[in-house]
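Here's the structure, in structure tokens; my notes come after.
Any read-out appearing in this document is the output of simple, stated calculations on the displayed coordinates, not a laboratory observation. Note that the structure is predicted; figures quoted are calculated from it, not measured. We place every Cβ from the backbone using ideal geometry, glycine too, and count neighbours over all the protein chains shown.
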Amino acid sequence: MNFPSVDYSWLGNGTVIAIIAIVHVIISHGVAIGTSVLTVSLEHQAFKTNNQKLDGLAKNIAKWILIITTTVGAMTGVGIWFSTTVIQPDSIGSLLRIFFWAWVTEWVVFITEVILLIIYYYTWDRWQDPEKKRKHIYIGVGLSIASWLTMAIITGVLAAKLTPGKWIETFSFWNAFFNPTYLPSLGFRMFLAILLAIVLVSLFIRLFVKDLSLREESFKVFGFWGAISLPMTFVLGLWYLWSIPDQAYNMIVLATGMTESTFKIINGLALLILLVFSVWLIRSPKKVPIILSIAVFGASIGFIGEFEVVREYIRKPFIIYDYMYANGLLAQDREKMNEEGFLANATWAKEKEITEENKVEAGREVFVGQCIACHTIDGWRTKRALGKRLAGWDEEALKNYIPTMHTVRVAMPPFMGTEEELDALAAYLKSEIDRVNNEKEVSQNE
Amino acid sequence: MNNLPISPDNALPIPAPLGLMELLIILTFIIHILFVNFTVSLVTGAVGLEIAGKVKKSAFLDKMAKSCSFHASIHKSIAVVMGVAPLLIISVIYTQYFYSSTILIGKIWISVIPLLIIAFLLLYLYKFTWDKWQNKKALHILVGFAAMLILLYIPLIFIVNITSMLYPDKWGEVQGFFPSLLYYPQIWQRYLHFILASLATGGFYVFLFYEYKSRKKGGLEDYEQSLKLFGAKVSLWITVVQLIAGFILLFAFKPEVRMLFMGEDLLLTTLLMLSIVLTIILCVFLFLAGYKDSFKSFVLSAAVFVLIVSIMGWIRHEVRETYLSPYFDEFPRTEQSMEK
């Protein structure tokens with residue numbers, strides 16, 4: 001509570017970031033990186049075979065890259081930053097300081113990417129004679145490299161949140177950036193991006209390109225990329241899995257909310273669909289069934305969503321591993337908070353001294369400071385909506401449970417604060433549990 | 001002052017010398033705001049000219065409008081990427097103030113994201129349907145108008161954000177974005193100053209772009225020539241009004257700060273005087289460029305323009321530093337030299 005707080009009481013604060021982030025990953029990976037690679041490949045193929053129709057198709061795809069990445073893509077990228085500034089200021093504030101120069105570099109690459117994209121699309125018709133076409137294709141290759149570089153930089157930051165490695169001791173930028181999961185996660189994302197693009201673009205080609213030979217030509221190019229990317233994604237994915245900490249590894253299934261067997265069946269099935277689809281692209285590009293295109297599209301979007309949710313979840317109870325907890329409190333401050341009190345150290349808390357009169361209000365402030373990063377009182381995620389989840393608990397039970405919960409629930413950060421603050425939190429939760437459940441009863445009786 | 005809700009600074013040190021950070025934030029913000037100015041004014045110009053074209057049944061005005069919309073949709077992308085650097089630096093060197101003032105209007109601040117996505121998509125729709133929707137003019141104008149309204153609204157959010165960060169003593173007194181619009185001083189004066197700057201800069205951009213094009217291609221089409229001179233005239237007359245708006249903003253500052261610009265501080269007073277003199281010189285060149293179509297004036301006006309914008313960016317930074325300096329004495333930043 002170094003800063004004021006915002007409460008999305010129904011959606012949940014974490015969900016706001018998640019929605020923006022998932023949309024951004026789909027676009028940054030699938031469109032900005034993957035589709036750029038595919039488009040330049042199509043353009044190159046068209047140039048080699050002197051295929052005007054294929055060139056036209058590539059231009060049309062480039063137009064959509066421009067429209068999507070400079071609107072939804074760019075703004076959700078900035079949006080992750082906007083939403084974390086409001087919802088997790090302590091965490092993003094620390095990350096900006098650790099990775100400042102990485103972000104400055106990211107900015108320069110980002111500008112390059114946008115400018116190359118603008119040049120790439122707007123010179124398409126003007127640079128058609130062979131000499132200029134070659135130059136145009138180079139611009140496209142440059143665009144693909146710039147898009148990849150933006151990912152290569154930001155992945156350093158994301159990977160460091162899970163595995164900061166030696167940074168915890170040295171506080172050195174390079175230790176944070178080249179952390180244990182950096183290379184595997186970058187490699188994994190890179191080929192995942194191309195796979196995702198194949199799936200996204202081929203659905204639209206299957207639906208809207210009526211010319212069979214044009215469809216065949218483009219699917220052949222996609223098949224080539226698929227044959228490389230699918231095994232690479234799989235192998236690098238395994239490497240990535242093996243390099244994350246055991247505690248995090250063990251939370252993967254838990255993070256999805258599925259049972260172990262459902263998790264295996266669903267993910268196995270998705271992989272199978274992707275495999276069948278890739279083989280089909282290569283073996284008979286003319287006859288890819290619509291239903292398969294749609295199935296693989298759905299499976300991929302689902303997988304990206306799952307990947308993001310898992311990646312965010314398994315880091316718990318931390319947001320920067322071993323340094324900062326998910327609620328923004330520093331691991332090293334625990335003793336201080338237990339002695340001096342959480343509210344006394346919370347700049348934006350109004351109730352510094354707890355009395356019988358302000359107990360519930362003080363408890364609310366503890367809740368806002370330590371719980372709302374993940375929890376709501378009432379909301380759509382029933383497991384995190386404490387009003388329902390804790391129905392039937394009394395104050396005594398809450399008081400006994402809260403100080404030990406992090407040992408039972410591995411995803412929970414430890415409670416930090418004095419005995420009085422614990423009482424206050426329990427009193428607040430109890431009052432909210434009663435309110436939520438009474439409202440339910442009243443509405444049921446009506 | 002100890003009762004103010006200003007948090008201690010983040011425990012991790014600011015990753016570069018403060019002076020370098022300040023220089024970078026001034027430079028990168030100037031580049032960002034120029035492209036924002038282009039975008040806002042070119043959209044406004046496109047919609048205005050398109051409406052005028054429809055009313056006067058003039059294909060000529062319609063072509064001028066189309067050209068503006070084309071440029072607007074390119075500059076909006078650059079405006080966004082250019083904004084990353086100043087946002088990064090303000091987050092790092094003013095964490096204690098900027099984060100609080102942001103979170104106080106948090107939901108509205110996040111709403112910038114969906115709003116800009118909508119506005120940008122509308123801008124593409126506006127541009128790519130220009131010829132196709134010639135028979136659906138009213139609908140087409142509506143698309144541009146909606147994008148324009150959003151783009152004129154968003155700056156208010158950022159202005160509340162960066163103005164309220166200067167007033168930690170008022171944070172507890174007002175809740176939410178819309179009440180803040182009326183509560184904090186300077187907001188509307190800053191908005192007026194920004195909108196006028198946008199229009200003048202946009203006019204100037206159009207003038208520069210077509211002068212450059214005519215030099216390169218050895219001539220312009222009629223509508224391009226008209227647009228060029230129109231740009232210079234808009235830039236001139238808006239800048240004249242801006243001289244007054246600048247004073248209105250100066251008088252919105254608290255007296256202690258205002259007086260620094262009016263003699264008490266040598267640097268600030270010089271900067272302000274210089275900017276006024278240069279603005280008057282710019283107006284003369286713009287007059288010659290717009291009414292006499294003189295090339296020499298074009299080059300000189302570009303040089304003076306760059307100077308003015310740089311001084312304005314510098315002054316803007318000094319205002320913030322002056323407002324915050326008493327708080328920094330009490331709640332210092334974590335600087336590199338303080339690293340353990």
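Dimensions of segment A:185-234 along principal axes (Cα, Å, largest first)?
So the three principal-axis extents are 38, 16, 11 Å.
Report the net charge of residues surrounding B:Lys136, where surrounding means a beta-carbon distance below 14 angstrom and charges are Lys +1, Arg +1, Asp -1, Glu -1.
Here the count lands on 0.
Applying 1/(1 + (r/R0)^6) with R0 = 45 Å to the Cβ-Cβ distance of A:Trp380 and B:Leu18, what FRET efficiency is obtained, to the nearest 0.05?
0.50
So if I average 1/r over every pair of distinct C-alpha atoms in segment B:169-245 and take the inverse, what Kirkwood radius in Å does that give?
Its Kirkwood hydrodynamic radius stands at 14.8 Å.
Which one of B:Ile159, B:Ile238, B:Ile117 has the biggest mean-square fluctuation once chain B is modelled by GNM with Cα springs under 10 Å?
B:Ile117
May I ask for the equivalent-ellipsoid semi-axes of segment B:259-313, computed as the square root of five times each C-alpha gyration tensor eigenvalue and listed largest first in whole Å?
28, 10, 6
Which cross-chain or sequence-distant (5 or more) residues have an amide H under 5 Å from the amide H of A:Ile319, H modelled 1.01 Å from N in plane?
A:Met324, A:Tyr325, A:Ala326
From the gyration tensor of the Cα coordinates in segment B:225-326, what semi-axes in whole Å does the equivalent ellipsoid have, largest first, with each one equal to sqrt(5λ)?
Ellipsoid half-lengths, sorted descending, are 31, 13, 10 Å.
Determine how many Å³ per residue the convex hull of the Cα atoms of segment A:331-445 encloses.
Considering the Cα atoms of segment A:331-445, their hull volume per residue is 115 Å³.
How big, on average over all directions, is the shadow cast by the Cα convex hull of segment B:290-340, in nm²?
5.9 nm²
Per residue, what volume in Å³ does the convex hull of the Cα atoms of segment A:260-398 enclose?
Normalising the Cα hull of segment A:260-398 by residue number yields 183 Å³.
Do any chymotrypsin sites (Phe, Trp or Tyr not before Pro) in segment A:319-416 lie in a DSSP loop with no more than 13 other beta carbon atoms within 10 Å, and if so, which?
A:Trp380
Tilt of helix B:18-55 relative to the longest C-alpha principal axis of chain B, in degrees (0 to 90, nearest 10)?
30 degrees
To the nearest Å, what is the center-to-center distance of segment B:267-291 and segment A:397-439, using C-alpha atoms only?
64 Å
What is the Cα convex hull volume of segment A:157-249 when expressed per residue in Å³?
It comes to 101 Å³ per residue, whole-number rounded.
Tell me the Kirkwood hydrodynamic radius of segment B:8-72 in angstroms, computed as one over the mean inverse distance between distinct C-alpha pairs.
14.7 Å
Kindly give Rg over Rh for the protein assembly as shown, based on alpha-carbon atoms, with the Kirkwood expression for the hydrodynamic radius.
In the protein assembly as shown, Rg relative to Rh is 0.99.
Cα atoms only, segment A:257-339: Rg and Dmax in Å?
20.6, 71
Can you give me the P(r) profile for segment A:173-312? Cα pairs, bins 10 angstrom wide beginning at 0, each as a whole percent.
P(r) for segment A:173-312, in whole percents per bin: 11, 38, 30, 16, 5, 0.
Give me Rg/Rg_expected for chain A, where Rg uses Cα atoms only and Rg_expected = 2.2 N^0.38 Å with N residues.
Here the answer is 1.13, to two decimals.
Chymotrypsin sites (Phe, Trp or Tyr not before Pro), restricted to segment B:249-320: which are DSSP loop and have at most 14 other Cβ atoms within 10 Å?
Hits after loop and neighbour filter: B:Phe251.
Taking each residue of A:343-355 in turn, how many C-beta atoms of other protein chains fall within 10 Å of its C-beta, and what is the average?
That works out to 2 on average.
Identify the GluC sites (Glu not before Pro) of segment A:280-385 meeting these criteria: DSSP loop state and at most 15 other C-beta atoms within 10 Å of the C-beta.
Listed in order of number, the matching sites are A:Glu353, A:Glu356, A:Glu357.
Could you give the spread of the C-alpha atoms of segment B:18-335 along their three principal axes, from largest to smallest, in whole angstroms?
The principal-axis extents, from largest down, are 62, 43, 31 Å.
Work out the mean other chain Cβ neighbour count within 10 Å for the residues of B:100-113 and drop it here as an integer.
6
Compute the long axis of helix B:112-128 from its Cα atoms, compare it with the longest principal axis of the Cα atoms of chain B, and write down the angle in degrees, 0 to 90, nearest 10.
Here the helix axis deviates by roughly 10 degrees.
Over the Cα atoms of segment B:177-221, how large are the radius of gyration and the largest Cα-Cα distance (Dmax), in Å?
Calculated on Cα positions, Rg and Dmax stand at 18.0, 54 Å.
Once R0 is set to 51 Å, what does the formula 1/(1 + (r/R0)^6) return for the Cβ-Cβ distance between B:Lys132 and B:Arg316, expressed as a FRET efficiency to the nearest 0.05?
So, using R0 = 51 Å, E works out to roughly 0.75.
Which angle between 0 and 90 degrees, to the nearest 10, do you get for helix A:130-162 versus the longest principal axis of chain A when only C-alpha atoms count?
Roughly 20 degrees, rounded to the nearest 10.
With labels modelled as points extended 7 Å from the Cα through the Cβ direction, what inter-label distance (nm, one decimal) is found for B:Leu149 paired with B:Leu27?
A separation of 4.1 nm, rounded to one decimal place.
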